[in-house]
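So the structure is just underneath, and the comments pick up after that.
Bear in mind that the values in this text are calculations on the coordinates, not laboratory data. Small disclaimer: the values here were computed from a predicted structure and weren't measured. Backbone-built Cβ (ideal geometry, glycine too); neighbour counts: all protein chains shown.
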Amino acid sequence: MAVTDTNGERRRRAPFPRWIKGTVLTLGSIAVTMLGLLFITFIIGRVMPIDPVLAIVGERASQSTYDAVYEQLGLDKPLIVQFLYYLWDVVRGDFGMSLLNARPVSEDIARVFPATMELATLGVFIGIVLGVPLGVIAAVNRGSWIDQIARVVALVGYSMPIFWLGLMGLLVFYGILGWVGGPGRLDIFYQDIVPSRTGMILVDSAIAGDWSVFWNGFSHIVLPASLLGYYSLAYISRMTRSFMLEQLSAEYVTTARVKGMSERAVIWGHAFKNIRVQLITVIALSYANLLEGSVLTEIIFSWPGIGSYITTALLSADMNAVLGGTVVVGLIFICLNILSDLLYRIFDPRSK
C-alpha cells in the first residue's frame, strides 16, 4: 500500500515484518497439527473394540456398578463434549490412570521415556558420525568401489528386518563372544546403586561418578544403539550422498576447482556447507523415527522404554496408556520439526 509523504512523493508502506508472519504461521500450523493428533487419538480410543468400563470393573460387576463407572468416565455425554474433556485433560498433562498398575499414565511415561531417549540419542549419534562422512566420501568417489560399498551398506540397512538383526546380534556378541551385556539396561547387581536424576543410566552414573555402573550400562546399550544407529546410518548416508552429488555437479564447484582451490576446501568448505540445512531436516526426522520406531528393538532387548510400554499396554487393553504414549510420540515429532525449522532459519540466510 502506498502513502504520500510531506513532500508530496508517494512511497510504499513498510511491509508486515516477515518474522512475525512466519511465527504466526508456525504457531498456527502447530496448533492445527496438535488438534488433529488429539482428535485422531480420541477417535481411536472410541472405535477400538474394547469396553473401558469392563476393563475397570470386570465382567462380573453388577449393572449398577457398570452404569456408575460409565457416567463417571463421561461416556454418557455427547462425543463433542467428551472430546473437549479429553482435550482439557491432555492440556493439563492428565492422560488418565493406567489399568495395569493404577498409576497415572503421565508418571509412567515420565519414567520410561528417558530410556528410549537415551537409546535413540546414542543411535542417531552413531548414524551421524558414520553416515555423514560415508555419504560424502561415496559422492566424491561416485561409481568407485567405495561408492558401491556405501550403497550396499545403505541397502542392507533398509532391507534387513530389525528383529532378525537384533536376535543375531544377541546370539553372536552376547551369547557366543560375550563382548556385550545381555537384555535389559543393567545387570541385577548394578541396579538402584546410583540415584536416578535424569532417568538415563549413562548420564546418572557419570554424574554420580560411579564408572562401574557406567560401563555396565554401556555394555548393555551398545548393541541395541548400534542396531538403531545402523538404520539411521543407512538413511543419513543415502541422503547425504544425494545432496552432495547435486552440489558437486553445480557450476560454482567447477569454478572453485578451476581457480586452483584444494579439493578438501571445495568439498567441505563449499559443497558440504551448502547441504547443512538439508541435513538438519534429515537428522531431525531420523531422530524422531528412532524415538518412535524402536518398539521391536526395545522388545528384543527387554529395554524398558516407551515403545515396549505402549506395546504392553496395547496387549493388555490399557487404552489410557496407549493413547497417552501416542500423544507423547506425536508431540516429539512436532517439537523436532519446530527445532529443525528454527535451525533452518539460523543456517540459511535466505529464509530470514
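Rounded if a/c is under 1.5, else prolate if a/b beats b/c, else oblate: with a ≥ b ≥ c from the C-alpha gyration tensor eigenvalues square-rooted, which is the chain? Since a/c reaches 1.5 but b/c is at least a/b, the shape of the chain is classed as oblate. Computed from point charges on the beta carbon alone (+1 for Lys and Arg, -1 for Asp and Glu), the dipole magnitude for the range 146-287 about its Cα centre is near 560 Debye.
Taking other Cβ atoms within 10 Å as a rough exposure proxy, Thr41, Thr116, Thr254 sort from fewest to most as Thr254, Thr41, Thr116. Once you reduce the range 101-177 and the range 285-341 to the center of their Cα atoms, the two points are 16 Å from each other.
Label positions at Leu27 and Ser242, each projected 7 Å from the Cα along the C-beta direction, are separated by 3.5 nm. The dipole here belongs to the chain: it is taken about the Cα centre, uses +1 on the Cβ of Lys and Arg and -1 on the Cβ of Asp and Glu, and is about 1960 debye.
The charge dipole of the range 70-209, taken about its Cα centre with unit charges on the Cβ of Lys, Arg, Asp and Glu (plus for the first two, minus for the last two), comes to roughly 460 debye. As a proxy for reagent exposure, Arg151, Arg185 were ordered by neighbouring Cβ count within 10 angstrom, fewest first; the result is Arg151, Arg185. Positive end of the dipole of the chain (Cβ unit charges, origin at the Cα centre): among Ala154, Phe113, Ala68, the Cα lying farthest that way belongs to Ala154. In this rough spin-label picture, where each label sits 7 Å from Cα along the Cβ direction, the Arg264-Asp76 distance is 7.7 nm. Selection among Ser262, Ile137, Asn337 by position relative to the dipole of the chain gives Ser262 as farthest towards the positive end (Cβ unit charges, Cα centre). Distance between the pseudo-spin-label points of Leu35 and Val47 (7 Å out from Cα toward the beta carbon): 2.1 nm.
Fewest neighbouring Cβ atoms within 10 Å first, the residues Asp76, Asp210 line up as Asp76, Asp210.
Helix check for the chain. Which DSSP H runs span at least 15 Å along their own axis by Cα, with a mean Kyte-Doolittle hydropathy no less than -1.0?
Sorted by number, the helices that extend far enough and score high enough are 18-47, 79-91, 105-140, 145-159, 211-248, 276-292, 319-347.
Taking the charge dipole of the range 275-352 about its Cα centre, with +1 at Lys and Arg Cβ atoms and -1 at Asp and Glu Cβ atoms, the residue from Gln278, Ser316, Ile346 reaching farthest to the positive side is Ile346. Estimated from helical segments only, the mean residue ellipticity of the chain at 222 nm is -22000 deg cm²/dmol, where each DSSP H run of four or more residues counts as -39500 (n - 2.57).
Taking N as the residue count of the range 80-163, its C-alpha radius of gyration divided by 2.2 N^0.38 Å amounts to 1.86.
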